[in-house]
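Notes to accompany the following structure.
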Amino acid sequence: MAALPAQPLPVQASGSRPPTLPLTRDVVNNFRFQVAVMLKGQRVLVEAFRWNYQGGSSVKDFLLQKFGTNKRMKEIFNKDQRDVLDSGKPCEEYDISLLNILFQHACGTAGTATDGAGQSLGKLVHELKQERNDISHVNKILPMTDQDLLAKLVRLETLLCNIARLAGSHSGTRSDIIDDLISEIQDDFKELMTKVREPLSTSDYNMLPQLQQEIKLFQNVLQNKVEQDSRLELESVYSQMWDVALVQWLYPDQAIRPSLNFTNLVIKEDTSSSMPSQQHQPRIISHTDILEVRRRDGGLPDVLVISADGGMGKTTLLKYMMEKWVTDPLPFKGLREVSALLYLQLRGSTVGSWQELLENLLGKTLIDSGLMVSDFVKMFLKMKTVVLLDGFDEGNKESKKLIKELVNLAGNLRIVITTRPETVDPLTQIVRAKKKGMNLEVKGIRREDRPFFVQNTLNCIVQAPGAVNDLKVKILEKLDSLQLGNYDLDVPLTLVLLIILEVEMPEQSSANSGLITDVFSELTKLMIGKCAERLTLKDVDDAVDKIVEYHDFLEELAFKGLTRNEHDLLPASVAALKTKCKDLELPDKELFSGFFSSKRTRRGLQTVLIWSYPHNRFQEHWAGSYVMKRLLHTPRLPDLSWLLDLETMTGLMEANITQKELEQNPVLKIILEGYESNVAKISTHPNIQNVLCCVTGLLADPYLDTIDAEARLGLLENLIPALLRLVNFGLTFKNFFSDFSAPKCNYFDAVYRHMVESRWQKSVVDACARVLRKHETWSTSGDGFHGLLLVLEHVTPERLSINMEMFHMPPQLLPALEMFAKKEMKIDLYLVQHFISGSGSSDVYLKTLMQSESSCNLREFYGKLSVDGIQLLPSSLKVLLVRTDWDGLRSLLSTLPQLQNLRVFQIAMEDGGARPSPESLDRLSFSGEELSIRSPCPLPKDDVGWWFQVAQRLLPQGKEYAVFIVYPETREACVVSRADLFSLLLVLRIIPEFHHKGALAELFYVTPASPLSEGDLDDLKRLAAFLGVSAIFE
């Protein structure tokens, strides 16, 4: 359009209302200059301030420390400016006036720095502030000709470039960064001189469709530009954030990309938070499918909650996803289509809203877009955005506030949140109120992936390539022989620590017993030794003695932190450690990096460090060492053997503990520290159980040269009743049928571990046997096999439950079963994953237990059996959950008449071998209480009729049993659609055997892909009733 002619403003009549200001070219020129000063000028001043600011993450705290009182703050800053500082807003939101004052008081000598012409930086900043004042304090818009605008812009551009150069050179900022800012200034000012189109008048109705089309086109162009710019900014940020440190305290300068050491994780659907009516067999999910995994209703979850204990790889998984989004999204299905992947570590975060999250990660994109913040925020709800929130369990009030806002947002937004198991329920409650969620649980690394993980780790830390293969073989052999818990071996961080021990201390690693206490004792010695080496090189006197004293203080801090669930150091703990370093004249940075791991997080203006224990086991071990040393300094102990005669704890501890125990149990006294209200925490705190086992191990350690071994063994003999008293047997297992997960903590295994950690001290073995005799049924999840085998030589329970939840059975299981078979006791053998997921075969384990000389009595069995395995099933079985193929089913039909004691029977079918015709099958010879049959999974929809005919042939007549129908779990048909529901029930109607009501009475579970209307539900229920099918529609 043609340029607008310059026009004078109309004269305003006295006392009349100001007329609407005509939008002439000269007026628009004035607006352009305002934009240049208020936006471009402020942007440059923000960068100059960031370069020269000398304080910490809080500007307000820095100024208060400098001024000493609030009075001085009130004298310098007005109320609005103080409110901004109080709010902790990032400096990107400071206006020019506030930045001008901060240059004088928060940037050291920056204000006095001068350029070649003798102009000071303070004077240049004040000049920009004066331009801002001229704009803000004028009550009307003055016209500005093109010539005036050009002159003002040239002068302003020069001013801003001078500020950038002088601020950058004074702060020591790299020249390329300064040049980039100056280039940005020059480009911005060129754009300010572009022409604007004449605005439409109110009579231009015929132009409105064109205008609407142009606006729509412009919005699309702007959104694409924001999307592209945001990706570039995120790629730049993430390349500095995705590195992970293997062992920071040992290799402080070594960090690697997640892809160099990432190993496939076992991720399982977690149904523990589901309503009872919605619980189902959990699925095993590949990490590559995380963004594509679907709920049972067929939809993608809006929120994924991924839980796991520390060291399992939650953070590495998210950082691996970050890296792949930037470099190669193919390993994750659906990641290529994600427009914006937003990662935030919740630990120490001050981000409390969706807007703050975007401003925190995409500040440059926001400023460059020129958009209002509200419009910028809305754009990301239109994109395909995924938010990764790492560490809900380590978050704060701001984190919860952020999540609550995110789950209330409407748009194309999905959220992935990691947390520890103990915080899953409160997080699920927040999510479930507003969004469709799904819970996943990281279980660790598969045993077959262990060589791959070891190889990758060695490649990162061993310089000589030729030594890697030899070390790999040695380490894998050592891992198989270690007497650690089965779950410990599958934790990525634990594997790294054991690898480090073999690499750095091969002599000690080969000599130690493989006990958990020994391993972390050696790792602690390695930490102290490496730290002493670094301090000695810095000419620190008495480095070893000082570090040992520092570590004694650290042990006390670890214990106190454990009782209050402090795994990341709180500010008070950090301050206490720094004070200790100052007292010992030690450099705190060296000590922190020597014993802790750190993670960087953005807080306010700066990136800050959060310190945490490198592994929960370190904190537990150090806490155990503190407890042991306290006990060694306890006056002569009374006879505590009477504690072994008390009933074992089976509920909350305060209901079991007597006043006499509070007065005489020295372990309880130390743990409670005078606060009897902490008793309940012990009864539900698995970390405390690990601390107690650690105390036993340290007291029995013959190589602990700092404390007399004879004194320690004497104390252990007197103390073991007090330690065993704190084992709570009432928190052993969850109900298997309501949760297909393994028990989170098996307290029988804790007793077995005390024997192992004691190195079979007779007094400990006798005390453990005395406690176990009180229980008719013992249990184990594999963690304490070595101790269990030993105690069985002294006492045999009436019944032993063996619950093995892992995918690959530990090598100790077969020899253990061989011994169990020789004992006259009832046995329950649960090979859980064999039955649930079909991984592995249970034949060899059943064969070992049912050997010819076997004296045991197998009562319950879950597993996967072939024809040979099924023929070994004993008549003593009362519960049988078996996965098998069609040949196995035929074998079951002939074996069942021998299993007359069977009360609960469940078959999970696999599509292996030739499918039988329904006519060839006999009825299951079963007269027990509970029978269910699961179809092969996936079962094609066309095979539903055939499957019901099979079920009709198999199920005994005269009783109601459950038939599970499982559909293919794919994107197209993971569950039953509404139309399929009617078709499915009609299939039953057209099969001749189902013509008569009640011909087959089953319980039929149905999960529709989309919610059913009340009318649909009524129709389906009537149809099901007519067909004699008891159907549950979820």
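Laboratory data are not the source of any read-out in this text; all were calculated from the coordinates shown. If you're wondering where the values come from, they're calculated on a predicted model, not measured in any experiment. Neighbour counts are summed over all protein chains in view; Cβ atoms, including those assigned to glycine, are modelled from backbone coordinates with ideal geometry.
Some points to look at:
- Whole-Hz Karplus values for segment 426-440 come out as x, 5, 4, 5, 5, 6, 4, 5, 10, 10, 7, x, 8, 9, 10 Hz, taken residue by residue from phi with 6.51 cos²θ - 1.76 cosθ + 1.60 and θ = phi - 60°; glycine and proline positions read x.
- Seen through its C-alpha gyration tensor, with square-root eigenvalues sorted a ≥ b ≥ c, segment 361-452 comes out prolate because a/c lies at 1.5 or above while a/b is bigger than b/c.
- Amide H contacts under 5 Å for Ser801, placed H, 5+ residues apart: Trp778, Ser779, Thr780, Asp828
- Near the amide H of Ile267, within less than 5 Å, lie the amide hydrogens of Ile285, Lys443, all on another chain or at least 5 residues away, with H placed in the peptide plane.
- Residues of type lysines that Lys89 reaches as a straight line, Cα spacing below 17 Å, ignoring anything fewer than 8 places off in the same chain: Lys60, Lys79, Lys364, Lys397, Lys401
- Going from the fewest other Cβ atoms within 10 Å to the most, the residues Ile933, Ile461 appear in the order Ile461, Ile933.
- The value given for segment 237-445 is a Kirkwood hydrodynamic radius of 17.8 Å, derived from the mean inverse Cα-Cα separation.
- Amide H to amide H, with H built 1.01 Å from N, Arg883 comes under 5 Å of Gly863, Lys864, Leu865, Ala908, counting only residues 5 or more places away or on other chains.
- For segment 25-196, relative contact order (Cα pairs under 8 Å, six or more residues apart, normalised by length) works out to 35 percent.
- Estimated vicinal HN-Hα couplings, Hz - segment 444-460 in sequence order (Karplus 6.51, -1.76, 1.60; Gly, Pro = x): x, 10, 5, 4, 6, 8, 4, x, 5, 5, 4, 4, 5, 5, 5, 4, 7
- Whole-Hz couplings from phi, Karplus 6.51/-1.76/1.60, listed for segment 329-334; x for Gly and Pro: x, 4, x, 10, 4, x
- Sites matching trypsin sites (Lys or Arg not before Pro) across segment 92-155 that sit in DSSP coil, with at most 12 neighbouring C-beta atoms within 10 Å: Lys140
- Proximal charge balance of Leu896 [Cβ under 10 Å; K/R count +1, D/E count -1]: 0
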